[in-house]
Every structure is written in C-alpha cells, then in structure tokens.
1. With a 1.4 Å probe and all protein chains kept in place, how much accessible area does LEU114 have, in Å² rounded to the nearest 10?
2. Could you pull out every one of the aspartates and glutamates with an alpha carbon less than 19 Å from that of LYS81, ignoring same-chain neighbours closer than 8 positions?
3. Full extension from LEU49 to MET82: what is 0.36 nm times the residue separation minus their Cα-Cα distance, to one decimal in nm?
4. Can you work out the Karplus-derived ³J(HN,Hα) for every residue in the range 102-115? Use 6.51 cos²θ - 1.76 cosθ + 1.60 with θ = phi - 60°, whole Hz, and x for glycine or proline.
5. Using 7 Å Cα-to-Cβ label points, what is the LEU89/ASP108 separation (nm, one decimal)?
6. Check the straight Cα-Cα distances from LYS50 and name the aspartates and glutamates below 19 Å, setting aside those fewer than 8 residues away within the same chain.
7. How long is the gain from LEU30 to LEU57 if the chain were fully straight, where each residue apart is worth 0.36 nm and the alpha carbon distance is subtracted?
8. How much net charge surrounds VAL39 when only the other residues with a Cβ under 15 Å from the Cβ of VAL39 are counted, with Lys and Arg +1 and Asp and Glu -1?
Amino acid sequence: MPLFAYCICNPNMASAEVQPRFGQSVKGLLSDKVGSCSVDAIALTRQVLKVSRSQELLGQAARNMVIQEDAILHSEDSLRKMSIITTHLQYQQEAIQKNVEHSQNLQDQLIHLLK
C-alpha cells in the first residue's frame, strides 16, 4: 500500500511513521499518486468509450435483426401465397387437359358421324 494511502487509512499513526520512505518526500508520493490516478482515469475513459461504441454496435445489430426478421416473415408469406397459386394453376392445367381430351373425343365422334 502506498504511504499516502496508508497515512489516510491510519490517521492515528505516530509522527515518526509519517516520515518519507526511501528518501521520497510526501509531495513526491502525492505527485506519484496523482499521476497514477490520472493514468487510471484515462484508461477508464477509454474503456467507457469502447463500451459505448460496443453498445452502439449492439443496438444497430438488434435493429438489423428486426429488419431481417420482418423480411423473413414477408418472404414466408409470399412463399405461402405462391404455393396456393401453384396449386390453383395445377388444377387449371388438369381441367384444360381434360377439356382437350374431351374435345378430341368429340372431334373423333363428329368425324365418324360425318362419314
């Protein structure tokens, strides 16, 4: 624990313990602590900016996902409608095929009657 923090945490220290350690003055220790706090504040600011950018990107990804989900739902609806149309076209094709066969039968009968 730095001397400065130790002094703050232990106000009942004897005055002899307040003496600077290893030849450093209290001003020097305080200056080091302020410098350390400044570096920590800059690092914290950078981290907050990173998190902010990450949150922005996550928000954009969520909006894009909602847009994609709407597009998928619309595509599913279109595919369902196309399936219904395909079924109806198959019924119409079968009906036309039967009419062509019936028409050929009638044509054959007419030719046979005219002979």
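The values are calculated or read from the model by the stated rules, or taken from the named source; none is laboratory data. Everything quoted here is computed from the prediction, not taken from an experiment. Note that we place each Cβ from the backbone using ideal geometry, even for glycine, and neighbour counts take in every protein chain shown. When the accessible area is computed, the model is the full protein with side chains, heavy atoms only, and any ligands, DNA or RNA have been set aside. Shrake-Rupley method; radii C 1.70, N 1.55, O 1.52, S 1.80 Å.
1. Solvent-accessible area, nearest 10 Å²: 140 Å².
2. GLU69, ASP70
3. 7.0 nm
4. 5, 5, 5, 4, 5, 5, 4, 5, 5, 4, 5, 6, 7, 7
5. Each label point lies 7 Å from its Cα, and together they span 3.1 nm.
6. Filter leaves ASP40.
7. Working: separation 27, 0.36 × 27 = 9.72 nm, distance 4.03 nm.
So the chain would gain 5.7 nm between LEU30 and LEU57.
8. 0
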